[in-house]
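A short worksheet on the structure shown next.
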Amino acid sequence: MPRRIIIDTDPGQDDAVAILLALASPEEIEVLGITAVAGNVPLALTEKNARIICELAGKPETKVFAGCDAPIRRKLVTAEHVHGQAGLNGPKLPDPVMPLQDQHGVDFIIDTLRAEPAGTVTLCPLGPLTNIAQAFTRAPDIVEKVQEIVLMGGAYFEVGNITPAAEFNIYVDPEAAQIVFRSGVPITVMSLDVTHKALVTPERNNAFRALGTKVGIAVAEMTDFFERFDKEKYGSDGAPLHDPCVTAYLIRPDLFTGRHINVEIETTSELTLGMTVADWWGVTDRPRNAMFMGTIDAQEYFDLLTERLARL
Ligand code: RIB
Ligand code: CA
């Protein structure tokens with residue numbers, strides 16, 4: 001029985017690979033819809049990029065919705081310096097022909113959770129948590145119906161990537177993150193602690209390119225573009241491939257290990273705004289609200305990605 005999911009996303013080259021992996025894995029994942037959020041680039045681009053990716057996957061029937069165009073109460077911070085002005089820089093991909101759904105992404109999340117049996121829909125946020133938080137705020141009745149939230153965001157041992165203390169997705173909308181982390185929904189967190197162990201080395205990127213398919217070559221060209229920033233910053237042999245950790249977890253949870261711990265979000269201090277304060281060592285009696293992943297079998301992860309992308 002496939003896991004039925006809504007992907008909430010701010011494409012973003014790594015979001016693109018996460019979506020491609022999901023669309024290539026129908027035995028394990030049924031994508032009920034994709035909701036775009038403002039994050040890496042503004043909403044007008046993230047919703048367009050989501051449709052470009054669905055068409056690249058050969059799945060133009062996928063339902064794509066535009067969600068929130070700004071954080072709950074703060075000014076939008078974007079990341080063109082990493083992802084490029086278009087947010088999907090690297091490959092030359094055609095503008096989308098498939099339609100954007102008329103319904104607002106937040107309404108789609110609310111309506112889907114109300115319509116489906118409790119405990120059968122998983123939310124997979126890959127960007128700032130604005131859409132999820134707005135849905136929970138406007139329709140508190142849906143919170144208990146969510147099967148699980150599997151998200152990319154946060155950091156503990158790896159500390160921040162947009163500020164010294166905060167990871168980008170949480171930093172952009174810390175108030176939204178606080179609502180989600182305090183919601184009581186079971187949450188699995190793919191933080192930088194995991195994603196920084198999943199580096200797209202030249203060998204791994206060449207395996208994508210060697211597929212020789214439209215998808216394989218496009219993914220290799222996306223990586224060629226967005227890895228330059230992280231390799232320069234970390235002096236590493238490749239960039240972390242963050243977001244596909246979320247969809248890979250749904251297919252192969254055994255690739256990951258972590259701890260069920262308390263995670264709180266800093267929403268007041270300007271110095272540490274957006275920090276995920278993870279009680280990894282259990283020094284408090286705060287409620288354990290998150291499965292915070294710490295390790296990944298990186299080679300297995302890339303082998304899975306390459307094998308599944310070959311299907312598209
Ligand atoms: O910090 C990494 C996260 O921020 C990833 O989801 C990337 O796509 C950006 O949204
Ligand atoms: Ca993202």
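In terms of modelled amide H atoms, which long-range or inter-chain residues lie less than 5 Å from the amide H of residue 35?
Under 5 Å from the amide H of residue 35 lie the amide H atoms of 7, 8, 9, 65, each far enough along the sequence or on another chain.
Quick one: grab the alpha carbon gyration tensor of region 28-109, order the square roots of its eigenvalues as a ≥ b ≥ c, and give me rounded if a/c is under 1.5, else prolate or oblate depending on whether a/b is larger than b/c.
Oblate is the answer for region 28-109, as a/c is 1.5 or above yet b/c matches or exceeds a/b.
Under 12 Å from a point 7 Å along the Cα-to-Cβ line of residue 1: which residues of region 114-134 have their amide N that close?
Output list for this probe position: 117-121.
What are the ³J(HN,Hα) couplings of region 100-115, residue after residue, when phi is run through the Karplus curve with 6.51, -1.76, 1.60 and θ = phi - 60°? Round to Hz, x for glycine and proline.
Those phi angles translate into 8, 5, 6, 5, 5, x, 5, 5, 5, 4, 4, 5, 5, 5, 6, 7 Hz.
Which of the three applies to region 1-67, rounded, prolate or oblate, going by the alpha-carbon gyration tensor with a ≥ b ≥ c and a/c under 1.5 meaning rounded?
Verdict is prolate for region 1-67.
Given the options 235, 294, 184, which has the most mean-square fluctuation in a GNM of the chain, springs set between C-alpha atoms less than 10 angstrom apart?
235
Quick one: in region 3-144, what % of C-alpha pairs are over 23 Å apart?
Here the long-distance tail beyond 23 Å is 29 percent of all Cα pairs in region 3-144.
Roughly how compact is region 63-196, stated as its Cα Rg over 2.2 N^0.38 Å to two decimals?
Normalised Cα radius of gyration, region 63-196: 1.11.
State whether region 216-312 is rounded, prolate or oblate according to the following rule on the C-alpha gyration tensor (a ≥ b ≥ c being the square roots of its eigenvalues): a/c under 1.5 gives rounded; otherwise a/b larger than b/c gives prolate, and the remaining case gives oblate.
Oblate, since a/c reaches 1.5 and b/c is not below a/b.
Taking only the Cα atoms of the chain, how large is their convex hull per residue, in Å³?
118 Å³
In sequence order, what are the phi-derived ³J(HN,Hα) couplings for region 147-157 according to the Karplus relation 6.51 cos²θ - 1.76 cosθ + 1.60 with θ = phi - 60°, rounded to whole Hz, with x for glycine and proline?
Per residue, the Karplus-derived 3J(HN,Hα) values read 5, 6, 10, 10, 10, 9, x, x, 5, 10, 5 Hz.
Output ³J(HN,Hα) for region 2-7: one whole-Hz value per residue in order, computed from phi by the Karplus curve 6.51 cos²θ - 1.76 cosθ + 1.60 with θ = phi - 60°, and x for Gly and Pro.
After applying 6.51 cos²θ - 1.76 cosθ + 1.60, I find x, 6, 8, 10, 10, 8 Hz.
In nm, what is the difference between 0.36 nm times the number of residues separating residue 141 and residue 44 and their Cα-Cα distance?
Result: 32.0 nm gained on full extension.
By a straight-distance test (C-alpha under 18 Å), which lysines pair with residue 75 as possible cross-link partners, with residues fewer than eight away in the same chain excluded?
none
Which three semi-axes in whole Å describe the equivalent ellipsoid of region 83-141, each the square root of 5 times a Cα gyration tensor eigenvalue, listed largest first?
For region 83-141, the semi-axes come out at 29, 14, 11 Å.
Could you please state, rounded to a whole Å, how far the C-alpha centre of region 94-109 is from the C-alpha centre of region 254-312?
29 Å
About the Cα centre, and with charges only on the beta carbon of Lys, Arg (+1) and Asp, Glu (-1), how big is the dipole of the chain? Nearest 20 debye, please.
It comes to approximately 220 debye.
By a straight-distance test (C-alpha under 26 Å), which lysines pair with residue 197 as possible cross-link partners, with residues fewer than eight away in the same chain excluded?
Counting by Cα, and skipping residues close in sequence, residue 197 has these lysines nearby: 231, 233.
Let me check something: with ligands and nucleic acids excluded, how do 171, 301 order by accessible area (1.4 Å probe), largest to smallest?
So the residues, ranked largest to smallest area, are 171, 301.
Choose one answer from 138, 288, 259: the residue with the largest mean-square fluctuation in a GNM of the chain with alpha-carbon springs under 10 Å.
138
Taking residue 63 as the anchor, which aspartates and glutamates have their alpha carbon closer than 15 Å to its alpha carbon, excluding any fewer than eight residues away along the same chain?
8, 30, 47, 55, 102, 107, 111
What order do 142, 251 take when sorted by accessible area (1.4 Å probe), most exposed first?
Most to least solvent-accessible, the answer reads 251, 142.
Given 0.36 nm per residue, what is the gain on full extension from residue 213 to residue 271 after removing their alpha carbon distance, in nm?
16.3 nm
The values are calculated or read from the model by the stated rules, or taken from the named source; none is laboratory data. For clarity, every value in this text was computed on a predicted model and none was experimentally measured. All Cβ positions, even for glycine, are placed from backbone atoms using ideal geometry, and neighbour counts span all protein chains on display. What goes into the accessible areas is simple: the full protein's heavy atoms, side chains included, and nothing from ligands, DNA or RNA. Shrake-Rupley method; radii C 1.70, N 1.55, O 1.52, S 1.80 Å.
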